[in-house]
Amino acid sequence: MPKVSSDAIVLRGVDFSESSLVLTLLTRDYGKIHAIAKGARRLKNPFESALDLLAQISVSFIRKSGEVLDLLTEAKLRARFRPERTTVRALCAAYYLAELLDLTTADDDPVPELYDLAAETIDRYQRGDKTADAREYFEWNLLDQIGQKPSIRLCASCGERLGLERLAAAGNWILFSFLEGGVICPSCQARGSFTQTALFHPDVFLRLERLDAGEPVPSIETVSMNIQGGVRELFDLDFCHILSRRPKTQPLARRWL
Ligand SMILES: [Zn+2]
């Protein structure tokens, strides 16, 4: 079996036997893999504590076919995630990031852009660099990378373009259907019965539209609660819908919005 190398992020580690660890790694070149690190739990081991959660490492591993775990042969630390040097808020956001990446990515399906996004976000969490903004940026682009970006301007039912600015000026809130994957225009809302829905202020979608276009947006911490809470509610519920369950770390991460 071929031995390969890649940059990787540790998403999960589970003790296996007396001395080994089973790891879930997001690798840049091979996507998500599951590998056994033999001897990693021994005091003296070949991996030199490079296998902590959210560590960014360079790994070599032997690919195995079928259901068999890959075999980790080498791991060199590039950047450690140091929980003690960050805030509780960034820590919760980072654990949530690890779980989201684990749950939303398929095995052996490399997406280098997603890897880079994750690495950059972990660095920002480590630095405590506008954690809430880093988190919003990460989650929106994660939705994009996994092909689940919701429709925020065109009605998800009929395709009609919504006048978000006009609706905002009129003080109308907008129906969003998690099942349809986007906003629902007022006429469709009047005609049909939609399930798995929530109402959001139009400014939530105007903000996400700018974020999506790569335009600068004010820090999420400085905007109104309608927008701040709306964005968080939209992302949290959307991930629950996509995954058909609530990620374990979501409630904790939410407390530290
Ligand atoms: Zn419509």
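The values are calculated or read from the model by the stated rules, or taken from the named source; none is laboratory data. Bear in mind the structure is a predicted one, so any value in this text is a computation, not a measurement. A quick note on method: Cβ atoms are made from the backbone with ideal geometry, for glycine too, and the neighbour counts reach across all protein chains shown.
Report, ordered by the first and then the second residue, all pairs with beta carbons closer than 7 Å, sequence separation of six or more or different chains, a first member in the stretch 76-104 that is within 17 Å of Leu51 (Cβ to Cβ), and a second member that is in a helix (DSSP H, G or I) and among the hydrophobic types (A, V, I, L, M, F, W, C).
Within 7 Å, the pairs are Phe81/Ala94; Phe81/Ile122; Pro83/Leu91; Ala94/Ile122; Leu101/Ala118.
If Gly159 meets every condition in (1) away from the ligand (no atom under 16 Å from the Cβ); (2) modelled with pLDDT of 95 or more apart from one, which number is that one?
The number of the failed condition is (1).
So which residues in the stretch 175-209 are within 20 Å of Ile146 (Cα to Cα) and of a type outside the set (Val, Ile, Thr), if there are any at all?
Residues satisfying the conditions are Phe176, Ser177, Phe178, Leu179, Glu180, Gly181, Gly182, Phe205, Leu208, Glu209.
If you take just the strands (runs of 3 or more DSSP E) that sit entirely in the stretch 16-100, which of them hold at least 2 residues that are hydroxyl-bearing (Ser, Thr, Tyr) and closer than 29 Å to Gln148 by Cβ?
The qualifying strands (runs of 3 or more DSSP E) are 20-27.
Pairs under 9 Å by beta carbon, first residue under 25 Å from Ser224 (Cβ atoms) in the stretch 175-204, partner of a type in the set (Asp, Glu) and within 13 Å of the ligand (Cβ to nearest atom), six or more apart or different chains?
Here the result reads Cys185/Glu160; Thr197/Glu180, each pair linking the stretch 175-204 to a residue that is of a type in the set (Asp, Glu) and within 13 Å of the ligand (Cβ to nearest atom).
Could you list, in sequence order, all residues of the stretch 183-217 that are of a type in the set (Gly, Ala, Ser) and on the phi > 0 side of the Ramachandran plot?
Correct list: Gly214 only.
Give me the residue from the stretch 205-225 that is acidic (Asp, Glu) and without any contact (Cβ under 8 Å) to a residue 60 or more places away in the chain and, out of that set, farthest from Glu165 (Cα to Cα).
Step one: list which residues in the stretch 205-225 are acidic (Asp, Glu), which gives 209, 212, 215, 221.
Applying the additional criterion that residues be without any contact (Cβ under 8 Å) to a residue 60 or more places away in the chain yields 209, 215.
On the way: Glu209: 12, Glu215: 17 Å.
My answer is Glu215.
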